[in-house]
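Derivation of every value follows stated rules applied to the coordinates shown; laboratory data play no part. Quantities reported herein were computed from a predicted structural model and do not represent experimental measurements. Using ideal geometry, Cβ is built from the backbone for each residue, glycine included, and neighbour counts are taken over all protein chains shown.
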């Protein structure tokens with residue numbers, strides 16, 4: 001139980017909305033959210049589909065613990081085929097939207113087809129309808145959110161929507177919910193735009209029940225909140241500094257990718273760190289960070305709520321940006337800062353606001369700007385292409401201008417919207433794109449953290465830290481400390497993290513809980529809520545099954561083992577400083593063993609035995 | 001000793017654990033829309049403010065009720081709704097200056113905070129102690145202590 005056992009299916013082509021029961025056999029095999037939605041997706045969509053065609057589908061899915069009192073139980077995911085990578089896309093978000101979907105009585109919403117004109121979906125418990133959104137098309141996320149609340153005269157509606165970036169065809173556009181939480185990666189917002197869906201607005205008053213053993217659930221979730229509170233990372237580090245607690249740590253380690261990953265340490269890291277967000281600024285004595293905020297049900301509350309210095313060049317004539325909004329998280333701060341060489345905290349915060357306002361993935365955006373900066377410094381592109389912008393590493397002015405253009409899909413921002421891979425290919429320098437399977441890297445240099453190299457290379461959605469965050473083990477020693485520079489044991493480590501993460505992502509809980517919780521803590525919470533036996537072993541097996549299913553989809557989509565690689569820069573150019581000095585990422589020492597342990601051929605294809613072992617659909 | 005709910009918005013992160021605890025205690029499921037305590041988000045200001053019934057001594061809701069369905073609980077000091085008397089006229093929702101009494105369309109009765117009979121679940125669930133249940137005669141004690149500490153520091157720096 002804990003599932004509502006109901007799916008809302010929205011056929012956009014003919015405007016028909018229907019309810020159907022959740023496939024409970026699949027729920028036992030794939031749990032919910034990421035896993036279960038992927039099972040539906042592979043059943044219903046041809047892997048070869050053009051991601052931006054009406055034949056692609058788009059699923060918003062919650063987990064069984066979404067909307068419950070389990071700490072961090074507020075997550076939902078967007079599952080579709082990615083226009084950026086051509087792989088399965090699965091982007092996870094917090095905020096309050098996911099819990100509202102459960103409160104309205106739905107486990108998932110499946111969008112299919114394409115609406116002839118712009119619409120938004122409005123759901124109030126059992127009632128769902130498509131409403132014309134011609135007047136909202138062309139508006140930002142923030143304006144759309146305001147308009148929909150006004151139109152329904154209901155401040156309690158929770159809204160997820162796309163901004164102008166997605167409408168312009170930007171390939172890394174996000175779906176933003178609750179103004180500043182995002183299903184950020186892989187261009188899921190672009191898919192929603194291709195279907196003419198501007199927003200999904202929800203109001204749920206039914207509540208979340210269906211808990212298998214309520215007393216046990218209350219007891220176990222209560223006990224596990226204490227574990228989070230007592231842990232140094234989830235009880236102190238994250239609430240105080242957010243994920244930005246990592247900026248100085250990773251920089252010290254010589255694993256902070258800098259200036260399009262040419263270097264591994266950034267001289268300006270402190271200026272854009274979590275600590276810097278606590279320092280009073282000269283102009284008004286206020287800190288960048290106003291306070292921390294929690295997503296639905298989260299007792300960690302790592303979220304940053306920040307403001308930009310009103311006297312800063314980026315906003316001094318724009319009072320609409322003087323208030324508070326979602327501040328810098330580590331990956332965004334890295335992509336917008338060290339990777340572009342910009343050390344101006346206010347510029348980064350403002351650009352992060354723009355990413356929220358118009359729905360951009362700040363990781364892909366920053367990383368693509370970094371690649372463009374290298375193209376510019378190499379003379380491959382000039383002010384002629386950029387429209388007069390001196391696109392130099394370290395230029396806050398250039399970063400701000402290019403962000404404004406990209407958010408609205410104007411000028412050179414249209415080219416940035418192609419993503420780093422297509423941009424670098426277009427200008428004949430594909431080797432400058434720091435991507436795997438077309439998706440830009442996050443903030444950990446795999447020369448200094450070897451396990452992350454294997455993580456990136458094998459991630460089912462292209463370069464991503466959230467598929468197996470071995471930084472936990474290799475840097476923070478969670479659950480056990482491993483040597484970040486060693487490759488031995490990393491295939492096993494990556495697989496364990498990948499499987500556990502897939503299970504957590506399918507439960508409705510947040511992966512950040514795993515700084516303190518392992519499956520030993522999470523399985524009992526799932527088991528108290530969900531019918532069936534949810535032991536640690538079963539959760540790990542479900543995670544492995546999800547991983548294999550995603551991989552199987554990608555292989556059917558036409559990817560091969562050759563796509564499980566890294567840019568040459570990381571494989572050939574050694575780190576220039578720090579503990580990893582002289583080292584490259586030794587992917588070759590890890591990948592064959594990884595394939596073997598996964599039950600794949602030396603070409604990275606699933607063997608028939610592996611397919612059978614996990615009961616994958618034929 | 002009578003206790004009262006004490007709310008410190010500075011500490012609130014907006015996680016809604018209180019709303020879930022409240023709705024679970026009163027409705028048996030997790031349903032923030034039926035919570036007697038509400039957390040308000042002021043996005044531009046970056047503030048979260050939990051708000052619920054303060055249990056007025058001269059409770060306007062109680063005085064306005066035409067069927068005496070709102071009664072003083074002598075143990076907790078709460079103004080409790082007697083469901084078998086409430087006729088759902090909603091006059092109390094108009095009388096309350098703070099909006100903390102609300103009508104529940106599912107039951108045809110009004111709902112408000114009753115301090116969970118002296119063991120408020122919102123306070124128990126709050127991860128940051130933004131909501132506490134403390135001596136009703138000394139709700140300012142913690143703030144006094146904080147300022148006392150500052151005052152003391154100033155004295156010692158000047159010494």
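Miscellaneous remarks
- Degrees separating the helix B:141-158 axis from the principal Cα axis of chain B, which is the longest one: 10 degrees
- Shielding value for B:29-38 is 6, the average number of Cβ atoms from other chains within 10 Å of each residue's Cβ.
- Across peptide B:39-49, the mean count of Cβ atoms from other chains lying within 10 Å of each residue's own Cβ comes to 5.
- Both radii are taken from the alpha-carbon atoms of segment A:88-145; with Rh as the Kirkwood radius, Rg/Rh is 0.97.
- Fewest neighbouring Cβ atoms within 10 Å first, the residues A:76, A:594, A:330 line up as A:594, A:330, A:76.
- Relative contact order (%) - chain A, alpha-carbon pairs under 8 angstrom, separation at least six: 16 percent
- Label-point gap, in nm, between residue B:45 and residue A:126 - each point 7 angstrom along Cα→Cβ: 4.0 nm
- Euclidean distance of C-alpha centroids, segment A:422-467 and segment B:68-146, integer Å: 54 Å
- Two-site FRET efficiency, residue B:83 against residue A:150, from Cβ-Cβ distance with R₀ of 41 Å, rounded to 0.05: 0.70
- Per residue, the convex hull volume that the Cα atoms of segment A:258-410 enclose (Å³): 115 Å³
- Shielding by other protein chains, A:313-326, mean Cβ within 10 Å: 1
- Simple label model, 7 Å out from Cα along Cβ direction - residue B:142 to residue B:54, nm: 1.7 nm
- Most to least packed among A:194-204, A:559-569, A:540-550, A:366-376 [average Cβ atoms within 10 Å]: A:366-376, A:194-204, A:540-550, A:559-569
- On Cα atoms only, tilt of B:17-27 relative to the major axis of chain B in degrees: 30 degrees
- Projected-area mean, segment A:6-203, by convex hull of Cα positions, square nanometres: 9.7 nm²
- Segment residue A:226-residue A:481, extension gain: residue separation times 0.36 nm, minus the distance between their alpha carbons: 89.4 nm
- Compared with the direct C-alpha span, the chain from residue A:568 to residue A:219 gains 120.5 nm at full extension, assuming 0.36 nm per residue.
- By the beta-carbon count within 10 Å of each Cβ, the least crowded to most crowded order of B:22, A:90, fewest first, is B:22, A:90.
- Spatial separation of Cα centroids for segment A:61-135 and segment A:483-543, in angstrom: 24 Å
- Sorted by Cβ density within 10 Å, fewest first, the residues A:96, B:98, A:553: B:98, A:553, A:96
- Most tightly packed first, judged by the mean number of other beta-carbon atoms within 10 Å of their residues, the peptides A:158-164, A:270-276, B:129-135, A:101-107 read A:158-164, A:101-107, A:270-276, B:129-135.
- Residues listed by number, segment A:171-195, amide nitrogen under 17 Å from residue A:50 label point at 7 Å toward C-beta: A:171, A:190-195
- Peptide packing: for A:433-444, A:406-417, the average count of neighbouring Cβ atoms within 10 Å per residue gives the ranking A:433-444, A:406-417, highest mean first.
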